[in-house]
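The next block holds one structure in the form of structure tokens; read it before the comments.
The values are calculated or read from the model by the stated rules, or taken from the named source; none is laboratory data. Since we're looking at a predicted model, the values are computed, not measured. For neighbour counting, all protein chains shown are included, and Cβ atoms are generated from backbone atoms with ideal geometry for every residue, glycine included. Ligands, DNA and RNA are excluded from the accessible area calculation, which covers all protein heavy atoms including side chains. Shrake-Rupley method; radii C 1.70, N 1.55, O 1.52, S 1.80 Å.
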Amino acid sequence: MDISGNSKQRAMDDKLINLPMDVLNCILDHLPIRDAARTSILSRKWRYIWAGHPKLVLDPKNIVTVTKNDFVGICNEILLQHIGPILTFHVYLSDVHMSQYPNIDRWILYLSRNGLRKLKIKNSWGRVYALPSYIFLCQELTELELSNCIFKQPCGTIRSFQNLKVLFLIQVAFKPEVSASIFTASKLETLCFIKCIGMDHLKFDGCSPSLSFLVLYKNHGVTLSCFMNCKRITTAKLVLPMEVKSLLGPGKRINLASLFEHWPLISSLFLDAYHLKLLAADSITSALPVKVNHLRVLKLSGINFTNEVPTTIVDNNPVLKYLQDRSCMSEEINSLRDLKMRYFQGSRAEMLFVKLILVCCPALERVTFEDWEVKPSEVSNILKELVVFPRASRKAQIIF
């Protein structure tokens, strides 16, 4: 008998079980639920550690089933055996038939009584899960991520998510009877709406002092007016559906100057062509009256300079006149470091835009051109013109 070998194994087991609980939880965080359950056979002390783990991720990929209906039954058993609070709960409904959705409703009711703080429900595209009213009982939620779900009117007393800090909604709908105040008390720091509908009446007053990360991507019903008082926004991505004609709602307008004025700390801004058109509609001949000291990343998507500016005669085109006039930028963009342009064609408007950026950005380090769409015979002349443009930054390089 190898006594020394057994002693070494026991010593290793003791070291593993004597690790602090937060370290053990960190280990289980990185294991699929199937492997986490298997740790119960490591030793007598490990038997119930996984059952008390405060994070549950229920994904059909990590649970062995014979039929798709088995997934819900196994998850019921996992929840039944769980010991203690469940602080984080992720569930993927890709293999869950709609007839099984009442089971999901009961899970949410159970979780609402167990201190839930982070909830993620990921549903398949093309199917919609109607959230039960129990979700409004999860008053300790700090993070909520939903996809392909519907909010409906809660039963009984209307409650708002008072502790919510992170909200990600992807293809989520709100029925008209849903209270406008469900997010008013939230101290949101991160908010992401992607292809959501039915949000015309919702209010986000509570997030004004805390919101720093905002994504509005092709939604119907939410406008910028909800977020104009959010002075702490540092990152924003704004993409409109093509049919939207106003950023703020009927009778209200905003331009680029007022956007930077309302968001003085903005450091990363992504605008699509439709947003840019609406923001620039009233300001094409006016200078930018505010300092843009924090902007480091500016991404403009879907903009075709050739289509937007059909003529190359400066005197007859206000856009070209604006780009050519250095005084249109009354303040320098002090923190912008990188400019990246894709599908560059070398049009007059594009050249003047690059020239304006070079002369107005003292911290600029790189101007990068990707996927050129320039005729080989014209490349040489374009490069010669680009390299002699005046630059406010000695570090500025043109990369192509």
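Miscellaneous remarks
- Cα shape, the range 181-221, gyration tensor, a/c 1.5 rule: oblate
- Computed accessible area, residue 22, all protein chains, 1.4 angstrom probe, square angstrom: 110
- Relative contact order computed over the range 69-147 (Cα-Cα under 8 Å; 6+ residues apart), in percent: 34
- Sum of side-chain charges, residue 193 neighbourhood, beta-carbon under 13 Å (Lys, Arg +1; Asp, Glu -1): +1
- Relative packing of 264-272, 384-392, which averages over residues the other C-beta atoms within 10 Å, highest first: 264-272, 384-392
- Summed side-chain charge close to residue 166 - residues other than residue 166 whose Cβ falls under 13 Å, Lys, Arg +1, Asp, Glu -1: +2
- Global form of the range 137-202, assessed from the alpha-carbon gyration tensor, a/c cut-off 1.5: oblate
- Comparing Cα centroids, the range 347-400 and the range 106-174 end up 48 angstrom apart.
- Accessible-area value, residue 215, 1.4 Å probe, nucleic acids and ligands omitted, Å²: 20
- Whether the range 58-203 is rounded, prolate or oblate, judged on the alpha carbon gyration tensor where a/c under 1.5 counts as rounded: prolate
- Against the criterion of solvent-accessible heavy-atom surface with a 1.4 angstrom probe, 231, 55 sort, most first, into 231, 55.
- Listed residues 193, 213 arranged by accessible area, highest first, probe 1.4 Å: 213, 193
- Largest first, the residues 113, 232 sort by 1.4 Å accessible area into 113, 232.
- Heavy atoms of residue 261 accessible to a 1.4 Å probe, total area in Å² rounded to 10: 110
- Across the accessible surface of the range 64-108, with the other protein chains kept in place and a 1.4 Å probe, carbon and sulfur atoms take up 60 percent.
- Sulfur and carbon atoms: percent of accessible area, the range 124-211 [1.4 Å]: 54
- Dimensions of the range 63-124 from C-alpha coordinates, computed as largest minus smallest value along each principal axis and given longest first, are 31, 23, 18 Å.
- Average accessible surface area per residue within the range 52-184, 1.4 Å rolling probe, Å²: 46
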